[in-house]
Amino acid sequence: MTEYRVRINGIETAAHYSERAVEEIFVPLLECLTERQRAAGRRILVLLAAPPGAGKSTLASFLEHLSRERIGLCPVQAVGMDGFHRRQEYLLSHRTVRDGREIAMVEIKGAPVTFDLEKLLSAVRRVAAGEICGWPAYDRLLHNPVEDAVIVDGDIVLLEGNYLLLEEDGWRELAACADYTVSISAGEKLLRDRLIDRKIHTGVAEDAAVRFVDFSDMPNVRLCLEKSAPADLRLRLDDNGDFCRD
């Protein structure tokens, strides 16, 4: 078992990956991407889409780490779509409708409507075109994006996010920019448990964490599981938290 620790969105995170997953899934994936980049002779863009709680941000970071550790692989640069959250002040002052009731957008922060899709699509197109450009990162402690936190300059850029393969107007255009796509699925109960635990670790009381996850996160989980387009590589998180091919 490989333990991996990293700071994601301002929060210390730890993950464990089985040697089987590393050697039979992750390394072959990186070898495939290396071959594609070398054959293309340019930057390639890879999308990693997964529902909330599936560990996609940590996995993307681990794949970057692994690509730089193994000889013969093209280094991967991992970035996330969370930096395209609308700012907290916007979410507090704008409203939307959920279950027939008008609410502040901040109550469902993380839903597709709370992202600046136009800004995200523009940035993805620049990356796909091979530009060296700034990229925002989301800080969970600040509750806001930090602009130009990263400079995108890699030959393989791995973009992770919930809705990158979403089959809805506007979102479909993201996948059109990609050279390769990866998805992760998992059972709803596993994802709910992980999301509640993550919320508690940010300092939220357990009862409040449960309410937020059930009202805000779980509809997003179901949306990702039910309305994402098929990926080139489909992975699944089993009940033990290990990755396998779907």
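The values are calculated or read from the model by the stated rules, or taken from the named source; none is laboratory data. Because the structure is predicted, anything quoted here is derived from the model rather than measured. Don't worry about glycine lacking a Cβ; one is built from the backbone with ideal geometry, like all the others, and counts go over all protein chains shown. Protein only, heavy atoms only, side chains kept; ligands, DNA and RNA dropped before computing areas. Shrake-Rupley method; radii C 1.70, N 1.55, O 1.52, S 1.80 Å.
Of all residues in the stretch 1-30, which are charged (D, E, K, R) and either open to solvent by less than 20 Å² (accessible area, probe 1.4 Å) or over 20 Å from N144 (Cα atoms) (or both)? Outline the logic, then answer.
To start, the set of residues in the stretch 1-30 that are charged (D, E, K, R) comprises 3, 5, 7, 12, 19-20, 23-24.
E3, R5, E19, R20, E23, E24, listed by residue number.
Name the pairs: first residue in the stretch 189-204 and open to solvent by less than 40 Å² (accessible area, probe 1.4 Å), second residue among the charged types (D, E, K, R) and not in a helix (DSSP H, G or I), Cβ to Cβ under 7 Å, at least 6 apart or on different chains? These pairs meet every condition: L190/D239. Whether any residue in the stretch 51-67 is open to solvent by 20 Å² or more (accessible area, probe 1.4 Å), of a type in the set (S, T, Y) and touching a helix residue (DSSP H, G or I) at 6+ places or on another chain (Cβ under 8 Å) is what I want to check. Yes, because at least one residue in the stretch 51-67 is open to solvent by 20 Å² or more (accessible area, probe 1.4 Å), of a type in the set (S, T, Y) and touching a helix residue (DSSP H, G or I) at 6+ places or on another chain (Cβ under 8 Å).
Which of the residues spanning the stretch 40-55 are aliphatic (A, V, I, L, M), farther than 15 Å from D238 by Cβ and within 9 Å of the chain's Cα centre (by Cα)?
From the stretch 40-55, those aliphatic (A, V, I, L, M) are 40, 44-50, 54; that's our starting set.
This time we only want the ones that are farther than 15 Å from D238 by Cβ, so: 40, 44-49.
The answer is L47, L48, A49.
For the stretch 89-107, the set of residues classified as out of contact with any helix residue (DSSP H, G or I) (no Cβ under 8 Å at 6 or more places or on another chain) and under 15 Å from S216 (Cβ atoms) consists of V97, D99, R101, I103, listed by residue number.
The residue of the stretch 121-172 that is modelled with the lowest pLDDT, among those that are in a loop (DSSP other than H, G, I, E, B), open to solvent by 50 Å² or more (accessible area, probe 1.4 Å) and among the hydrophobic types (A, V, I, L, M, F, W, C), is L141. Taking the conditions (1) without any contact (Cβ under 8 Å) to a residue 60 or more places away in the chain; (2) more than 17 Å from R140 (Cβ to Cβ); (3) open to solvent by 60 Å² or more (accessible area, probe 1.4 Å); (4) part of a helix (DSSP H, G or I) in turn, R234 satisfies each one other than (4). Against the conditions (1) assigned to a helix (DSSP H, G or I); (2) surrounded by fewer than 16 Cβ atoms within 10 Å (Cβ to Cβ); (3) not small (G, A, S), R42 satisfies every one except (1).
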